[in-house]
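The values are calculated or read from the model by the stated rules, or taken from the named source; none is laboratory data. Please read all numbers here as calculations on a predicted model, not as lab measurements. Methodologically, a virtual Cβ is constructed for each residue, glycine included, from the backbone with ideal geometry; neighbour enumeration extends over all protein chains shown. Ligands, DNA and RNA are excluded from the accessible area calculation, which covers all protein heavy atoms including side chains. Shrake-Rupley method; radii C 1.70, N 1.55, O 1.52, S 1.80 Å.
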Amino acid sequence: MSALGHRPRPRPFVLLPVLAVGLVSFLAACVPAPPRPPAPVGPAEREMVFPVAGRTSYSDTFGAPRSGGRTHQGQDLMAARHTPLVAAADGTVTSLTWSNSGLSGNSLTITDADGWRYVYIHLNNDAPGTDDGSNVYERAFADGIAKGQKVKAGEVVGYVGDSGNAESTSPHLHFELRRPDGTVVNAYSSLRAARTLVRTDAERIADSPIGTLDGVDGGAGTVSVDGWALDAHDDDPVKVSVYVAGNPVATATASVDRPDVDAAFGRGAEHGFHVSDVPAAPGTTVCVVAHSLGGGGSTRIGCGVAP
Ligand SMILES: [Zn+2]
């Protein structure tokens with residue numbers, strides 16, 4: 001459609017308004033603009049703890065297009081590599097993947113008592129100061145974090161990274177919030193409203209199991225590991241995991257008779273562990289992690305070197 005014939009006639013004195021606009025713009029540039037109010041967000045779908053314990057930046061990218069015709073199911077919380085990730089709620093680790101491959105890479109899901117799911121994707125797979133993809137377990141997940149582990153809100157569960165299809169992007173947590181029936185919801189408003197909570201070292205230590213690694217024996221590539229462990233809040237036997245070079249290779253229940261532990265703590269004798277046939281090359285570091293029974297703060301009770 002042509003606008004010819006409808007062109008407005010040039011107006012006289014156009015210079016004056018142009019000058020006035022210029023002056024206003026100039027003044028506006030000299031005066032700092034008032035802070036723009038944040039974009040309105042809906043009510044939080046779920047009250048929760050913010051899952052990254054450190055500086056983050058993010059905008060609402062829920063539903064944005066992604067490779068392969070997918071749409072973005074979560075929020076990408078940009079943060080420095082190795083920044084601690086904390087449990088968004090009291091709950092249980094209901095799934096955990098330790099893998100460099102796939103879209104998600106290292107990931108875990110926490111399910112709370114009402115069945116809501118908090119999904120953490122792209123956990124760290126690099127050694128400090130590198131982007132080497134070495135994917136040592138203890139650099140992705142906090143001590144004691146495994147499928148079935150109970151966690152407390154604010155407890156460290158893992159670390160920010162770029163595993164999976166985030167390998168070529170900046171490190172971030174892809175975070176999803178899912179209803180008990182599994183349907184995903186936009187986590188943005190819940191993240192905006194989330195409180196900050198990180199369990200302090202003092203709280204963590206007060207709740208942590210206690211124990212001792214008494215010995216790492218054997219040699220020629222196979223060791224046995226002995227010691228005891230006891231939950232701070234519960235007399236039931238705890239589980240222990242044996243880590244070799246930072247990766248969990250064996251799990252056992254600390255329920256072996258240890259009269260000396262009973263004599264020292266009065267919490268019963270069935271708290272010892274003996275784990276044999278653990279593959280560990282001579283000279284590698286062998287550590288034992290005691291899993292809390294739910295009060296939070298699974299902890300590393302000792303490390304030794306494989307003979
Ligand atoms: Zn994402």
Tally up the carbon and sulfur contribution to the accessible surface of the chain as a whole percent, 1.4 Å probe, everything protein left in place. 57 percent
Over the heavy atoms of residue 291, what accessible area does a 1.4 Å probe trace out, to the nearest 10 Å²? 10 Å²
Return the whole-Å distance between the Cα centroid of the range 70-124 and the Cα centroid of the range 148-212. 6 Å
Between the modelled labels at residue 101 and residue 285 (7 Å from Cα along Cα→Cβ) the distance in nm is 2.9 nm
hull vol. (C-alpha, convex hull) per residue for the chain, Å³ -> 208 Å³
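What is the range 208-305's relative contact order, in percent, from Cα pairs under 8 angstrom and six or more apart in sequence?
That works out to 34 percent.
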Compute the orientation-averaged projected area for the range 208-305 from the convex hull of its Cα atoms and round it to one decimal in nm². 5.4 nm²
Relative contact order (percent, whole number), the chain, Cα cutoff 8 Å, 6+ residue spacing: 16 percent
Computed accessible area, residue 58, all protein chains, 1.4 angstrom probe, square angstrom: 60 Å²
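Rounded to the nearest 500, what is the chain's calculated 222 nm mean residue ellipticity when only DSSP H runs of at least 4 contribute -39500 (n - 2.57) each, over all residues?
The helix contribution divided over the chain gives -3500 deg cm²/dmol.
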The summed charge of the residue 199 Cβ neighbourhood (under 10 Å; Lys/Arg +1, Asp/Glu -1) stands at -2
Between helix 15-30 and the chain, what is the angle of the helix's C-alpha long axis to the longest principal axis, kept within 0 to 90° and rounded to the nearest 10? 20 degrees
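Over the range 71-199, with the other protein chains present, what is the accessible area per residue in square angstrom, probe 1.4 angstrom? Numbers along the way, then the final one.
Numbers: 4740 Å² over 129 residues.
Counting only protein heavy atoms, the per-residue value for the range 71-199 is 37 Å².
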